[in-house]
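No lab work stands behind these numbers, since they all come straight from the coordinates. This structure is a prediction, so every number in the text was calculated from the model and none was measured. Cβ placement follows ideal geometry from the backbone for every residue including glycine, while neighbour counts extend to all protein chains displayed.
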Amino acid sequence: MQHRRLGIVCTVLLAATVLPALLGAQTGRGPYARIAVLRPLDGKTVEFEAGYIRHLAWHQQARDPWVWYGWSIWAGDRYRWFVYATFGHSATSLDSAVTPGEDERDNLLNVAPHVEWVENGLYEYLPGVSRGTGEPQPTARLEFTTVDVLPAAAEAFEAALNAGQARLQGETLWYRMVVGGPIARYVRLRPQPGLSAVLKTGVNRRFRRGPTA
């Protein structure tokens with residue numbers, strides 16, 4: 001697909017860290033996902049990882065029914081940044097997060113001192129342009145691609161994705177940002193079993209970097 005006139009594309013390779021942290025049976029199934037990115041402060045990677053594990057333990061003790069995934073960016077210009085996400089929620093289930101106030105306090109205690117918060121958004125899964133269930137399979141590697149397009153070009157971009165849906169090889173999940181920024185942003189996730197699979201498919205072959213206007 002040619003996206004030169006549509007926007008900026010950035011692809012990075014993620015490595016599973018806290019494995020995805022499966023903390024319970026998901027309830028209130030739907031198309032929405034929370035995806036966030038943070039950057040461990042210089043020299044604080046070990047402290048961040050330990051604090052994040054403690055925070056996941058809090059979720060487990062609080063009997064959080066949501067499933068949380070965590071990945072460390074392994075390649076790309078955001079090397080060692082961290083992505084965490086939860087998938088498959090209905091709109092109403094997003095209002096039922098476990099004790100948000102206590103969650104935030106524990107987050108501020110264990111995670112916030114060691115990171116810079118980069119972005120946090122709500123996304124909607126796009127099954128018509130994807131191949132998969134909307135929730136990535138647990139794998140050792142995962143391609144994480146963000147595409148920012150001009151709002152006026154969003155319809156054309158989704159039409160291009162739709163035209164290529166039948167040619168998708170392997171699990172390919174597309175999401176559209178619905179809350180979290182002023183731009184039209186899309187995220188693509190492609191789970192990969194290892195680096196050999198990444199080399200075979202080619203992380204960057206399908207996209208080209210272009211201007212935003």
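Extension gain for the segment Lys44 to Leu150, taken as residue separation times 0.36 nm less the Cα-Cα distance, is 34.6 nm to one decimal. Evaluating 6.51 cos²θ - 1.76 cosθ + 1.60 at θ = phi - 60° for every residue in region 120-133, the Karplus couplings come out as 8, x, 9, 10, 10, 5, 10, x, x, 10, 10, 9, x, 8 Hz, glycine and proline recorded as x. In this calculation the C-beta distance from Ala197 to Ala166 is compared with R0 = 30 Å, giving a FRET efficiency of 0.90. Kirkwood analysis of region 59-213, using all unique Cα-Cα pairs, places the hydrodynamic radius at 17.5 Å.
Between Glu104 and Ile183, the modelled labels are 2.7 nm apart [label points 7 Å from Cα along Cα→Cβ]. Spacing of the modelled spin labels on Glu119 and Arg80, each 7 Å from Cα toward Cβ, amounts to 2.2 nm. Computed from backbone phi, the HN-Hα couplings of region 29-40 come to 5, x, x, 9, 9, 9, 10, 9, 10, 9, 10, x Hz, rounded to whole numbers (Karplus: 6.51 cos²θ - 1.76 cosθ + 1.60, θ = phi - 60°; Gly and Pro given as x).
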